[in-house]
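**Student:** This is the structure I want to talk about, given as structure tokens.
The values are calculated or read from the model by the stated rules, or taken from the named source; none is laboratory data. From a predicted model like this one, the values you see are computed outputs, not experimental measurements. In this analysis, Cβ positions are derived from the backbone assuming ideal geometry, glycine residues included, and neighbour counts consider all displayed protein chains. Ligands, DNA and RNA are stripped out before the accessible areas are found, and what is left, the full protein with its side chains, is counted by its heavy atoms. Shrake-Rupley method; radii C 1.70, N 1.55, O 1.52, S 1.80 Å.
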Amino acid sequence: MKKLVIACILLGTVFSLQAQNAKSLLNEVSNKVKSYDNINISFKYTLNNKKENVKQETRGDVTLQNDKYVLNWLGISRIFDGSNIYTIVPEDEEVTISKYNPKDDKEITPSKMLTFYEKGYTYKIDVEQTVKGRKIQFVKLIPIDTNAEIKDIILGIDKQTKHIYKLIQTDANGTQYTVTVNSFKTNQPVSKTLFTFNKAKYEGEGYYINQLD
């Protein structure tokens, strides 16, 4: 009985240390991200649903500055200026404008993609891998909310730069969404109008402006 108690205590200590180490690493990542004026990321996005035998790969890029962002992905551009989200679809010549409501924002949006893990998850150190000469430490995140649609998230962190290299999200139904960072640039020259939507420009080009709010 004593051996069992000791084993449980030791196991609990190991898990506690793992959580502390994971949290410490994630804090370093968060502090590094917040030290930059802006960040530009090009990435590969993979959707893998083994049950339905569906696998899709696409590429995109995003520029982040504080909460603002410009995302180019799947042939669509999305601009967030801190208040409104502008979704530009050149194929349909349409722009949809919607007010940002943080209460409705439960997904890992571009604004939160590098800091979303700060709240709502428990942490655990996972495997370490060497990728193209870089030491990547993986951390497993599990939502505290047991009713969350996300089963878990695996974050791969470059141990030297403290930048996120990979994000693997698994939903409750087993579908995996993987974002792999191809390039991570910081403090780049950014136009003052990058996060500003030019309504007159798109109206002049014949776009339909769909104002939701």
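**Student:** Per-residue ellipticity at 222 nm for the chain, helices alone: DSSP H runs ≥ 4 residues times -39500 (n - 2.57), over residue total, nearest 500 deg cm²/dmol?
**Tutor:** -6500 deg cm²/dmol
**Student:** Carbon and sulfur: what percent of the stretch 54-211's accessible surface (1.4 Å probe)?
**Tutor:** Answer for the stretch 54-211 is 46 percent, counting heavy atoms of protein chains only.
**Student:** Filter K23/K140; K68/K119; K68/K162; K68/K192 down to the pairs with a C-alpha to C-alpha distance above 18 Å, please.
**Tutor:** Working: K23/K140 11 Å; K68/K119 20 Å; K68/K162 22 Å; K68/K192 12 Å.
Pairs exceeding 18 Å: K68/K119; K68/K162.
**Student:** Pairs of Cα atoms under 8 Å, at least six residues apart: use those to get the relative contact order of the chain, whole percent.
**Tutor:** Once normalised by length, the contact order is 23 percent.
**Student:** Under 16 Å from a point 7 Å along the Cα-to-Cβ line of E118: which residues of the stretch 162-205 have their amide N that close?
**Tutor:** 164
**Student:** Rounded to the nearest 0.05, what FRET efficiency do E91 and K159 have when you use their Cβ-Cβ distance and R0 = 45 Å? Numbers along the way, then the final one.
**Tutor:** Values: r = 41 Å, r/R0 = 0.92.
That gives a FRET efficiency of 0.65.
**Student:** Taking a virtual spin label 7 Å from the Cα of K51 along the C-beta vector, which residues in the stretch 145-178 bring their backbone nitrogen under 15 Å of it?
**Tutor:** Those under the cut-off are 149-152, 170-177.
**Student:** Taking all pairs of different Cα atoms in the stretch 168-213, averaging 1/r and flipping that mean, what Kirkwood radius in angstroms comes out?
**Tutor:** Kirkwood radius, the stretch 168-213: 15.4 Å.
**Student:** Please give me the summed charge of the neighbours of T122: other residues whose Cβ is under 15 Å from its Cβ, Lys and Arg +1, Asp and Glu -1.
**Tutor:** Local charge sum for T122: +1.
**Student:** Tell me whether the chain comes out rounded, prolate or oblate; compute the Cα gyration tensor, take square roots of the eigenvalues as a ≥ b ≥ c, and use a/c under 1.5 as the rounded threshold. Please report the intermediate quantities before stating the final value.
**Tutor:** Numbers: a/c = 2.20, a/b = 1.91, b/c = 1.15.
Since a/c reaches 1.5 and a/b is larger than b/c, the shape of the chain is classed as prolate.
**Student:** Going down the table (K112/K166; K44/K185; K51/K166; K99/K124), which pairs top 26 Å between alpha carbons?
**Tutor:** K99/K124
**Student:** Another one. Order the peptides 71-79, 200-208 from the highest to the lowest mean number of other Cβ atoms within 10 Å of their residues.
**Tutor:** Peptide ranking by packing, descending: 71-79, 200-208.
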